[in-house]
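Okay, so here's the structure we're looking at.
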Amino acid sequence: MTLPLAGRTALVTGAAGDIGRTTAVRLASSGARLVLADLVDAAETAELCREANDVAEPISLQFDVTDEAAVEAAFDGLAADGVVADLLFNNAGYQGTFTNVADYPSADFRRVLDINVTGVFNVLKSFANALIAVGRPGAVVNTASMAHGGAPNMAAYSASKAAVIALTKTAAKDLADKSIRVNSVSPAFIGPGMMWDRQVELQAATPSQYFGDDVETVAEQMISAVPMRRYGSLDEVASAVHFLLSDESSYITAFDIEVSGGAV
Ligand SMILES: NC(=O)c1ccc[n+]([C@@H]2O[C@H](COP(=O)([O-])OP(=O)(O)OC[C@H]3O[C@@H](n4cnc5c(N)ncnc54)[C@H](O)[C@@H]3O)[C@@H](O)[C@H]2O)c1
């Protein structure tokens, strides 16, 4: 039986992190060759991808998505080796500081926007140009977040993820005639993992009228805002990404899938 992503090459940013790792392994199990990109070494993800797919050896790259020249050099290096990614999971991200907007530090605001918006743009642009150069179709999934609706104490992160959705919709329109689909996923509370622990701890430590001041209370408050009354799993995010990158979604572009258990 032919695997659904056999013959495809998928580049994943944030590949050393929880969602990137889980999704990379899912794409590898489906037959894709993986290009794993992160600021830090994604060796663990590479090993798991090898176990999931012993046909296509993963490629590991380290670059900062905010560094346009480094991103372009990474794609040029792949092209020089005859590797063209036709699937992109544009997923590297940073939550930023947790504090009231009135106190939010400007430098961190810019850093969050730089990583979550400019970084996503840099990788999307280089990916699209590499594909256009060889005249091949492709698909992109950008990682947004349900914070796009305005999460308390997360001004920069919320603004950045709303921007990711807008960027997704414009890119989908601009690249439609090149047969490159562009969609996004918006996870809500996903766990277990670093981001869940970090946001519960930081919301508890940050005074607000929305959350209590101890982690157990904050965790309960967050879960009680979810109609399905649980956080989502990393695998549930990976499933949505897999669907949007595969030909199962061949007529879907400019769309955001909310992986949120009904939370809005
Ligand atoms: N986990 C959640 O609850 C959740 C919910 C909604 C959205 N998200 C989004 O999902 C994505 C992945 O998050 P995660 O939970 O796996 O977090 P994570 O912290 O485990 O992974 C993020 C990865 O991005 C990498 N990264 C950060 N800045 C980078 C840069 N400048 N250049 C290259 N790589 C960089 C990090 O090194 C890290 O490996 C992020 O965009 C995040 O905003 C996560």
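Tabulated data for the structure shown
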read-out	value
Contour excess over end-to-end distance, with Cα ends at LYS178 and ILE223 and 0.36 nm allotted per residue	12.1 nm
Nonlocal amide H pairs with ARG181, under 5 Å, H built at 1.01 Å	GLY138, ALA139, VAL140
Heavy atoms of THR66 accessible to a 1.4 Å probe, total area in Å² rounded to 10	40
Cα-projected label distance for ASP64 with ALA254, points at 7 Å along beta-carbon direction, nm	3.5
Cα-projected label distance for ASP41 with MET194, points at 7 Å along beta-carbon direction, nm	1.5
Sulfur and carbon atoms: percent of accessible area, the chain [1.4 Å]	54
Built amide H within the under 5 Å cut-off of ILE257, gap 5+	SER184, VAL185, SER186
Karplus-derived HN-Hα couplings along region 166-178 (A = 6.51, B = -1.76, C = 1.60, θ = phi - 60°), whole Hz, x at Gly and Pro	5, 4, 4, 5, 5, 4, 4, 5, 5, 9, 4, 6, 9
Extension gain (nm, one decimal) between VAL215 and GLU57, 0.36 nm per residue minus Cα-Cα	52.7 nm
Region 222-236 - phi-based ³J(HN,Hα) in whole Hz, Karplus 6.51/-1.76/1.60, Gly and Pro as x	5, 5, 6, 7, 9, x, 7, 6, 6, 7, x, 9, 4, 5, 5
Distance in nm between pseudo-label sites at ASP235 and ASN100 (7 Å out along the Cβ direction from Cα)	4.3
Neighbour count of at most 14 Cβ within 10 Å plus DSSP loop: longest trypsin sites (Lys or Arg not before Pro)-free window in the chain	1-228
Table column - 3J(HN,Hα) (Hz), region 204-215, Karplus curve with 6.51, -1.76, 1.60, x for Gly and Pro	5, 7, 10, x, 7, 7, 9, 10, x, 10, 10, 5
Acute angle (nearest 10 degrees) that the helix 43-52 long axis makes with the longest principal axis of the chain, alpha-carbon atoms	60
Region 1-19 and region 72-86: distance between their alpha carbon centers, rounded to Å	16
Probe 1.4 Å - accessible area at LEU234, Å² to nearest ten	30
Probe 1.4 Å, protein heavy atoms only - accessible area per residue of the chain in square angstrom	45
Computed magnitude of the charge dipole of the chain (debye, nearest 20; Cβ of K, R +1, Cβ of D, E -1)	800
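The values are calculated or read from the model by the stated rules, or taken from the named source; none is laboratory data. Since we're looking at a predicted model, the values are computed, not measured. Cβ coordinates were reconstructed from backbone atoms using ideal geometry, including for glycine residues, and neighbour counts include every protein chain displayed. Note: accessible area is taken over every heavy atom of the protein model, side chains too, but ligands, DNA and RNA are not part of it. Shrake-Rupley method; radii C 1.70, N 1.55, O 1.52, S 1.80 Å.
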